[in-house]
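Remarks on the structure that follows.
The values are calculated or read from the model by the stated rules, or taken from the named source; none is laboratory data. Just so it is clear, the model here is predicted, and its values are computed rather than measured. Virtual Cβ from ideal backbone geometry, glycine too; neighbours counted across all protein chains shown. For accessibility, only protein heavy atoms count, side chains too; no ligands or nucleic acids. Shrake-Rupley method; radii C 1.70, N 1.55, O 1.52, S 1.80 Å.
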Amino acid sequence: MRFEVSRVMDTIEQRLTTDVTLAQAVVDLAEVARFMALDGGRPINLLRLGMAIDALSRYLIDAGVMLYPVVGREVLSESALTSKERMVLGRWADDGLIEVTPVVADRPVEIADFTGLPLIVVRDVPQYATRFPWLADSPERILRLIPRAGGAVLNPAGEPVPPKDGKERLVVMGKATLPIIPVDPPSADASADESPAPSPSSSSAADADGSPPAPAAAAAADGKAGPQSFKARGSQRFGRTRVVRRRFTRAEPSGVGAALMAREWQCGEPDCPAFGRFRKIGQPVPRMRAGVPACPRHGQPLKDVGPRPRAFAVAVVVEDLARRRFVVSSEHPVVVGREPAGPEDVSVGSWLHEAAAAWIAKEHVKLAVDGDRLVVTDTSDNGTVIWKRSAPDIKEETERLYRKSYKLDGWDSVELYTGVELVIGDHRLQTVVGSEPASVLLDAPTVALRLVD
Ligand SMILES: [Zn+2]
């Protein structure tokens, strides 16, 4: 059991970050760890953080979701935690995967304000609405963690709480009411010729779906009335599983936040995990103390050491489900392929079926930042396809890329092989409910959660 819990902690660890480019939501770690209603177990349990990650995964329908936890310093020595948990927390703190601060108070709200990230809460925080009016005005930015069926779901504040017997209704809401867009025969697909690869996967799901084709409903293009849905290329594969409604993913950063995130900051403590010199990942946002940017860990004013390197979050999307996120910055280009050599490069190998693995090169593309744009360079033998979109709903065009570079714009995505795409940030082209994100708690039997004490 202990071994399994360790493995789960390692899995959870991969979904934690205080890099504001990579993070997708912010949370008060201890509030979740102390949320006994999630499993009815002991007063504080670090595994509950995994439940929050799972809930965020299901909410965003993203299997690689990244969470920014804030924790009060005293929790690191909390005696109600197991020694293993205290050790893990200390490691996360040292690695900058969680933010440690003497007093949490409104810090998670402040981070949400500065970055635009959604705020996950167990309890509402109306006491901070004076400083942050959006807490009252934009309730969709607050995601309430609610216990459901041995786990948790996220429910935007201001929306009715889902019934207890509702199975994943938050995710699949309205699916049955969607018009089925007729599946074009492959030959009629204008873009098929330009695709770098045949579509071995395109035959399955739409046919297996069994739904009769509906009239060419205009509803798909018309995002105004009723649930929004849009046809992406993937809908040829999955006839009836597409986005019902785009969820809130990120608000615009506040003015102060945008100004803070434009700069690189340095803490006087060289070993500082948040703003120290040895931090390897992108920076968090400073805490504002009496109008002065300060280190959330050490409290002292931070030094402005220049412009922050431009950075983009990129998602690996396989069969329309985001699997992993990573950051490309002007200082750190990233190679993506089946088996890239560099330790910080990104491998898509584990998600590939045989034909895709044969097609995608070990180092297929290189992503870099040029000025304000993300640039992709094809380094493969078979080429890469750029899907060009100025908005998620417009008709796509493609451009084949072979041994040259392309500056990504708008909602462009990069296809290494049919069904294997790189997508910028939170751009959600479509989502397949059929492939649910796996739980980070898979290695922890339910009994582990309940009987640990
Ligand atoms: Zn510091």
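The figures follow:
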| quantity | calculated |
| --- | --- |
| Condition broken by G419, with the remaining ones in (1) over 21 Å from A355 (Cβ atoms); (2) at pLDDT below 95; (3) in contact with a Ser or Thr (Cβ under 8 Å, 6 or more places away or on another chain) satisfied | (1) |
| Options L46, L76, L16, L22; residue that is at pLDDT 95 or above, hydrophobic (A, V, I, L, M, F, W, C) and farther than 20 Å from I120 by Cβ | L76 |
| Helices (runs of 4 or more DSSP H) contained in the stretch 1-103 and holding at least 2 residues among the charged types (D, E, K, R) | 2-13, 47-60, 83-94 |
| Helices (runs of 4 or more DSSP H) contained entirely in the stretch 104-189, each with at least 3 residues that are modelled with pLDDT of 50 or more and closer than 23 Å to Q24 by Cβ | 107-115, 134-137 |
| Residue list for the stretch 257-279, filter: within 23 Å of D28 (Cα to Cα) and not aromatic (F, W, Y) | G257, A258, L260, M261, C267, C272, P273, A274, G276, R279 |
| Cβ-Cβ under 7 Å pairs, at least 6 apart or on other chains, the stretch 255-266 side of a type in the set (V, I, T), far side modelled with pLDDT of 95 or more | V256/F114; V256/M288 |
| Scan of the stretch 350-389 for residues that are among the small types (G, A, S), out of contact with any Pro (no Cβ under 9 Å at 6 or more places or on another chain) and over 27 Å from G410 (Cβ atoms), ordered by number | S350, A357, A358 |
| Failed item, numbered, when R91 is tested on (1) crowded, with 20+ Cβ neighbours inside 10 Å; (2) under 22 Å from F278 (Cβ atoms) | (1) |
| Selected residue [open to solvent by less than 10 Å² (accessible area, probe 1.4 Å) and in contact (Cβ under 8 Å) with a residue 60 or more places away in the chain] from L49, L22, L38 | L38 |
| Among the residues listed as E269, E339, the single one being closer than 30 Å to S57 by Cα and open to solvent by 20 Å² or more (accessible area, probe 1.4 Å) | E339 |
| Any hit, the stretch 109-124, residues being within 24 Å of Q283 (Cα to Cα), open to solvent by 10 Å² or more (accessible area, probe 1.4 Å) and not acidic (D, E) | no |
| Among the residues listed as P309, P333, P284, the single one being surrounded by 14 or more Cβ atoms within 10 Å (Cβ to Cβ), within 16 Å of the ligand (Cβ to nearest atom) and closer than 29 Å to A63 by Cβ | P284 |
| Residues being under 22 Å from D426 (Cα atoms) and out of contact with any strand residue (DSSP E or B) (no Cβ under 6 Å at 6 or more places or on another chain) - total across the stretch 18-48 | 3 |
| The lone exception for P301 - which of (1) within 16 Å of the ligand (Cβ to nearest atom); (2) buried (at least 21 other Cβ atoms within 10 Å of the Cβ) it fails | (2) |
